[in-house]
Amino acid sequence: MGWAYVFPGQGSQAVGMGKELHDAFAEAREVFEEVDEALKQTLSKLMFEGPDDELTLTENAQPALMAVSIAVMRILAKQGAVSLKDTARFVAGHSLGEYSALAAAGALSVEDTARLLKIRGLAMQAAVPVGEGAMAVLLGLELDVVQEVVAAAADE
């Protein structure tokens, strides 16, 4: 028997994310430094201090979420003696979380994953400019109600 590790997707970001980990654990500081260096920007400062509208840009949110995920995994490995290699039966992620899962499993380096997510985020932003489009989750509604909501949104 083993564990499943599931990594979050975009939308989980918030200003201040990773700050407590950074302050408490050298392993987290190392990850944030690796990501900052790979991206040639101080993403960690943006994560810790904001502003929120800049952090939520896809090009920043995606590598930021990956950085926190990997920081947690490194802390678990070092401080909690929980090795992904020894305990994982599955790794998975929602959307960008798939890339975090690949980095956590060692299939991609943290630096390469950060750069890849930056490029991915820029491409996604170019496809749907900031302020255009939206996503929503509809839970527990009957199909006819969902169709009404979609039709009303299309009319706006």
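Every number here is computed from the coordinates shown, using simple stated rules; none is lab data. This is a predicted model, so every value here is computed, not measured. Every residue, glycine among them, receives a Cβ derived from its backbone with ideal geometry; neighbour counts consider all protein chains shown.
Could you rank the peptides 10-21, 98-109, 54-65, 144-155 by their average count of other C-beta atoms within 10 Å per residue, with the highest value first?
Descending mean neighbour count gives 54-65, 98-109, 10-21, 144-155.
Would you compute, from DSSP H runs of 4+ residues alone, the mean residue ellipticity of the chain at 222 nm, taking -39500 (n - 2.57) per run and dividing by the full residue count, rounded to the nearest 500?
Mean residue ellipticity at 222 nm (helix-derived): -18500 deg cm²/dmol.
Working out 0.36 nm times the residue gap between SER109 and LYS45, then minus their Cα-Cα distance, what length gain in nm do you get to one decimal? Show your work: numbers first, answer last.
Numbers: separation 64, 0.36 × 64 = 23.04 nm, distance 2.16 nm.
The span from SER109 to LYS45 would gain 20.9 nm if fully extended.
Taking the inverse of the average 1/r across all pairs of different Cα atoms in the chain, what Kirkwood radius in Å do you get?
Taking every pair of different Cα atoms in the chain, averaging 1/r and inverting gives 16.8 Å.
To the nearest 0.05, what FRET efficiency results for HIS94 and ALA123 with a Förster distance of 25 Å applied to their C-beta separation?
Values: r = 18 Å, r/R0 = 0.74.
So, using R0 = 25 Å, E works out to roughly 0.85.
Can you tell me, using C-alpha contacts under 8 Å and at least 6 residues apart, the relative contact order of the chain as a whole percent?
Relative contact order comes out at 31 percent.
Once the Cα atoms of helix 143-155 and of the chain are each reduced to a long axis, what angle between those two axes, in degrees from 0 to 90 to the nearest 10, is obtained?
Rounded to the nearest ten degrees, it is 80.
Measure nothing fancy, just the Cα-based angle from helix 58-79's long axis to the longest principal axis of the chain, in degrees from 0 to 90, nearest 10.
40 degrees
Setting aside same-chain residues fewer than 8 positions from LYS78, which lysines have a Cα under 25 Å from its Cα?
Straight-line reach from LYS78, under 25 Å: LYS19, LYS45.
Treat each spin label as a single point 7 Å out from the Cα along the C-beta direction, and report the GLU20 to VAL130 distance in nm.
2.9 nm
Could you tell me the center-to-center distance, by alpha carbons, between segment 81-120 and segment 1-77 in angstrom?
13 Å
Once amide H atoms are placed 1.01 Å from N in the peptide plane, what residues at a sequence separation of 5 or more from ALA88, or on another chain, have their amide H within under 5 Å of its amide H?
Answer set, sorted by chain and number: TRP3.
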